[in-house]
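**Q** This is the structure, below, for whatever I ask next.
Read-outs throughout are calculated quantities, based only on the coordinates presented, and are distinct from any laboratory measurement. Being a predicted model, the structure only gives us computed values, none of them experimental. Note that we place each Cβ from the backbone using ideal geometry, even for glycine, and neighbour counts take in every protein chain shown.
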Amino acid sequence: MPFALESFLEFARQWLSFKAPRLVTAVGRIQSDVLLRHGIRPGNYTFFCSQLESLFMNPVVTALEEYGVPIQIASRLVPKLGDPKTLDDALDGLARRRPAEFSGLTVFEQVLIGPLCATPAAQ
């Protein structure tokens with residue numbers, strides 16, 4: 001993998017989705033404490049941090065990546081699962097279907113999601 005691409009992926013995984021939200025949350029707590037002492041209403045960065053953690057995507061999509069489903073595939077699966085609101089709902093939806101039931105997936109993609117589905121993908 002080219003160094004530039006590897007560096008970007010490392011940045012996206014470590015900084016954007018983990019380190020930056022923690023730092024912004026820490027700064028938010030500090031500014032809240034300081035501003036409240038001076039009678040000024042502080043900002044709330046909770047929503048921004050949650051969006052940053054999920055790389056500004058549906059959080060279910062990024063959570064599925066932790067289960068081995070690449071973001072590109074997960075982003076196509078989530079609508080086919082009825083846009084689940086939680087990871088548990090998405091996993092339940094996958095567990096009730098066979099990989100071949102998801103139209104538009106290649107055999108390779110079906111094999112990737114197979115362990116999460118009702119039956120394994122065709123061998």
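**Q** Along segment 22-31, what does the Karplus equation 6.51 cos²θ - 1.76 cosθ + 1.60 (θ = phi - 60°) give for ³J(HN,Hα), rounded to whole Hz, x for Gly and Pro?
**A** Per-residue couplings from phi come out as 5, 5, 5, 4, 5, 4, x, 5, 5, 5 Hz.
**Q** Name the residues of segment 49-63 whose amide N is less than 16 Å from a point 7 angstrom out from the Cα of residue 35 along the C-beta direction?
**A** 49, by backbone N distance to the label point.
**Q** From the helices alone, meaning DSSP H stretches of at least four residues, give me the mean residue ellipticity at 222 nm for the chain, per-run term -39500 (n - 2.57), in deg cm²/dmol to the nearest 500. Write out the running numbers ahead of the final one.
**A** Details: 7 runs with 67 residues, N = 123.
Computed mean residue ellipticity for the chain: -15500 deg cm²/dmol.
**Q** Work through the residues other than residue 114 whose Cβ is under 13 Å from its Cβ and net out their charges, Lys, Arg +1 and Asp, Glu -1.
**A** Details: positive: 97, 98; negative: 101, 109.
Overall, the nearby charge balance is 0.
**Q** With an 8 Å cut-off on Cα pairs and a minimum separation of 6 or more residues, tell me the relative contact order of the chain in percent.
**A** Values: 105 pairs, mean separation 19.6, N = 123.
Over the chain, the number comes to 16 percent.
**Q** Using the 10 angstrom Cβ neighbour count as an exposure proxy, how do 62, 106, 46 rank, fewest first? Could you put the intermediate results ahead of the total?
**A** On the way: 62 18, 106 9, 46 12.
In order of increasing Cβ crowding within 10 Å: 106, 46, 62.
**Q** Kirkwood Rh, segment 57-123, all Cα pairs: how many Å?
**A** Values: mean 1/r = 0.0874 Å⁻¹.
Across segment 57-123, the inverse of the average 1/r is 11.4 Å.
**Q** Next up: With each label point set 7 Å from Cα along the Cα-Cβ vector, what nm distance links residue 89 and residue 46?
**A** 2.0 nm
**Q** Taking all pairs of different Cα atoms in the chain, averaging 1/r and flipping that mean, what Kirkwood radius in angstroms comes out?
**A** Details: mean 1/r = 0.0601 Å⁻¹.
One decimal place: 16.6 Å for the Kirkwood radius.
**Q** Ranking 67, 45 by Cβ neighbours within 10 Å, fewest first, what do you get?
**A** Working: 67 14, 45 17.
Ordered by Cβ neighbours within 10 Å, fewest first: 67, 45.
**Q** Tally Lys and Arg at +1 and Asp and Glu at -1 over the other residues with C-beta under 15 Å from the C-beta of residue 21: what net charge comes out?
**A** Spelling it out: positives minus negatives among the neighbours equals +3.
**Q** Give the angle, between 0 and 90 degrees and rounded to the nearest 10, that separates the Cα long axis of helix 71-80 from the longest principal axis of the Cα atoms of the chain.
**A** Its long axis makes an angle of about 70 degrees.
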